[in-house]
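Input: a single structure, listed below in C-alpha cells.
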Amino acid sequence: MLLRIRQQRSKFRYRYRMQPESKLPQVGTTIFTVMSALAERHGAINLSQGFPDFEPPGRLVERVTHHMAAGRNQYPPMMGIEPLRERIAEKARHLYGVPVDPDTEVTISSGATEALLCGVHALVRPGDEVIVFDPAYDSYEPAILLAGGSVVHLPLQAGQFRIDFEQLSARISQRTRLVVINSPHNPTGSLLYQEDLNQLADLLRAYPQCYVLSDEVYEHICFDPDGHASVIATEGLKQRSLAVFSFGKTYHATGWKVGYCIAPPALTTEFRRVHQFNTFTTATPLQWALADYMASDPQHYLKLPEFYRHKRDLFRRLLEDSGFELLPCEGTYFQLADYSALSNLDDVAFSRWLTEVHKVAAIPISVFCERPPEARWVRFCFAKQEATLEEAADRLCRI
Ligand code: PMP
Ligand code: GLN
C-alpha cells in the first residue's frame, strides 16, 4: 500500500512538476568529484582523483599558445586534424608494429570518455548485453545503460585482477554485443598480457556479433618489460575492436580532454557517425600543439614508464612501515592498498575518515563493483611530486 502511494506520488511529480523521470536514477555525482571536493574542503592532500600535481611539458604548452596566436581557433575537421592523426598512426606503427590508416582508422575525441561513450553508442542496441569486468571504470555502465544495453558484471580474478576466462566463456552468449576491457587497469594497476588478449581472441571466434571496446588510456604507464599489449596488434581482436587512448594521461594534461580512437574502417565509420553529433570535434589549438609535440619529442612517451616507475617505487618504499598492505602495481599511476589492519570501516567510510581526519584523500574500490569486494581496499594516485608523496606517506604512516 505504502509502495503504491509512493509510486503514485512519484508519477505525479514527473507529470505535473516537469521533473523528468531519470534515465540514470542509480547514478550520483562521480566519486572523483566527490572525493576531490572533500579533499579541498578539509585541506587534505588529494591522492584520490587521478591527475598529476605537476605541469605538462613547457614546450607543449608553448605550442598551444603559439597556435592560438597564429589563428588556429576555428572548427577543425570532425575526425581531427590530419597531422595529429598521422602522428598517431606513426606511433602505432612504431610501438605496436601495425599499419594504421590515419584517414580511415583514427578519430580524435574530446577525451577518452567521449570515445568510450561514442564507441558504446555506435555498437550497442536496446536489449544487447555488454560484459564489463569489476572493478570497472565508472563511465562504462552509464554509457551502456543510455544506449539501452544491459550490463553483465564479471569480477576480475581475486588477487591478480586478470580475466577469469572460465567465467567469461560460461557467461558470453549470442546476445553479447560488446566486451569492455581495460589495461593497464584502473583502479587495480593490473595488466592484460598478450596471452590474455590471444585467449580473448580465441574465445570470441565463436561470437561474430561481439565487439571489443578496449580502454588503453594508460598504455604508456606500463611497467612490464614487454611493454603494453594492445588489441590493435592482436590478430583476431584488432578486426573487431575499438581501442581508446587519452593524451591527458600521457602529457600530464588531464584537463585538456583530448583522446582518440583507433579502429578498423568499418567500425570507425560507425564511431564517427555518433562522434559527429556528440561533440563534433575537439579544441583546434590543442590538436595542433599535440601534433607538433609528438613529432618533436617522441622521447616523452618512451620515458614515461621510467618516470612513473620511480614515483611508484618511492611511494611504496615510503609506505613500507605503514599499516597499509600494498598490492602489486604493474601499470597506471594508481596504487591499491589494503587497510584491514587499520580499520573495520567500509571503504567509503574509511576514505572519508582518511580525508577528514588524516588529511589524505583516497578512492574507495567498492564504487567500481556491482558487488562490493570482501577485501578492504582504497586507491592512491601517485602521479605527484616527490614532496607531495613524502608528506602524504608521512601522514599515512602515523595512522
Ligand atoms: N578510462 C580510464 C580507465 C580512466 O582512468 C580515465 C580517466 N581518467 C578515462 C577513461 C577517461 O579519460 P579522459 O580524461 O581522457 O576522458
Ligand atoms: N580517471 C580519473 C581517475 O580514475 C578520473 C577522471 C574523472 O574525474 N572523471 O581518477
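With the highest mean first, a sort of the peptides 145-155, 162-172, 118-128 on other beta-carbon atoms found within 10 angstrom per residue produces 118-128, 145-155, 162-172. Of the residues CYS210, CYS397, the one with the largest accessible area comes first in the ranking CYS397, CYS210, computed with a 1.4 Å probe on protein heavy atoms. Figure legend: label point modelled 7 angstrom from the Cα of GLU62 along Cα→Cβ; residues of segment 279-302 with amide N under 19 Å from it are 285-301.
In sequence order, segment 154-171 has phi-based couplings of 10, x, 5, 4, 4, x, 8, 6, 10, 5, 8, 5, 5, 5, 5, 5, 6, 9 Hz under the Karplus curve 6.51 cos²θ - 1.76 cosθ + 1.60, θ = phi - 60°, and Gly or Pro positions carry x.
The loop-placed chymotrypsin sites (Phe, Trp or Tyr not before Pro) in segment 46-137, going by DSSP, that have at most 11 neighbouring Cβ atoms within 10 Å of their Cβ come out as PHE54.
As a length-normalised measure over Cα pairs under 8 Å and 6 or more apart, the relative contact order of the chain settles at 24 percent. Residue by residue, segment 203-210 carries 3J(HN,Hα) couplings of 4, 6, 4, 7, 10, x, 7, 9 Hz when phi is fed to the Karplus relation 6.51 cos²θ - 1.76 cosθ + 1.60 (θ = phi - 60°); x denotes Gly or Pro.
Dipole magnitude for the chain: about 1800 debye, using +1 per Lys or Arg Cβ and -1 per Asp or Glu Cβ, origin at the Cα centre.
Exposure check, 1.4 Å probe, all protein chains in place: HIS66 carries approximately 80 Å² of accessible surface. Residue ranking by accessible heavy-atom surface, 1.4 Å probe, largest first, among TRP377, TRP288 comes out as TRP288, TRP377. Annotation: amide H of ARG376 within the under-5 Å range of TYR339, SER340, sequence separation 5 or more or interchain, hydrogens built in the peptide plane. One Cα centroid belongs to segment 140-210, the other to segment 282-331; the line between them spans 26 Å. Using 0.36 nm per residue and subtracting the Cα-Cα separation, the extra length available between SER150 and ASP346 on full extension is 67.8 nm. Between the amide H of TYR211 and those of LEU178, VAL179, distances stay under 5 Å, these residues lying 5 or more places away or on another chain, with hydrogens modeled in the peptide plane. What the phi angles of segment 118-126 give under the Karplus curve with 6.51, -1.76 and 1.60, with θ = phi - 60°, is a coupling list of 5, x, 5, 5, 5, 10, 9, 10, x Hz, glycine and proline written as x.
Largest to smallest in accessible area, the residues GLU40, GLU390, GLU270 fall in the order GLU40, GLU390, GLU270 (1.4 Å probe, all protein chains included). Counting heavy atoms of the protein chains alone, HIS94 has an accessible area of about 120 Å² for a 1.4 Å probe.
The values are calculated or read from the model by the stated rules, or taken from the named source; none is laboratory data. Since the model is a prediction, treat every value here as computed from it, not as a measurement. Please note: Cβ atoms are built from the backbone with ideal geometry, for glycine as well, and neighbour counts cover all protein chains shown. Ligands, DNA and RNA are excluded from the accessible area calculation, which covers all protein heavy atoms including side chains. Shrake-Rupley method; radii C 1.70, N 1.55, O 1.52, S 1.80 Å.
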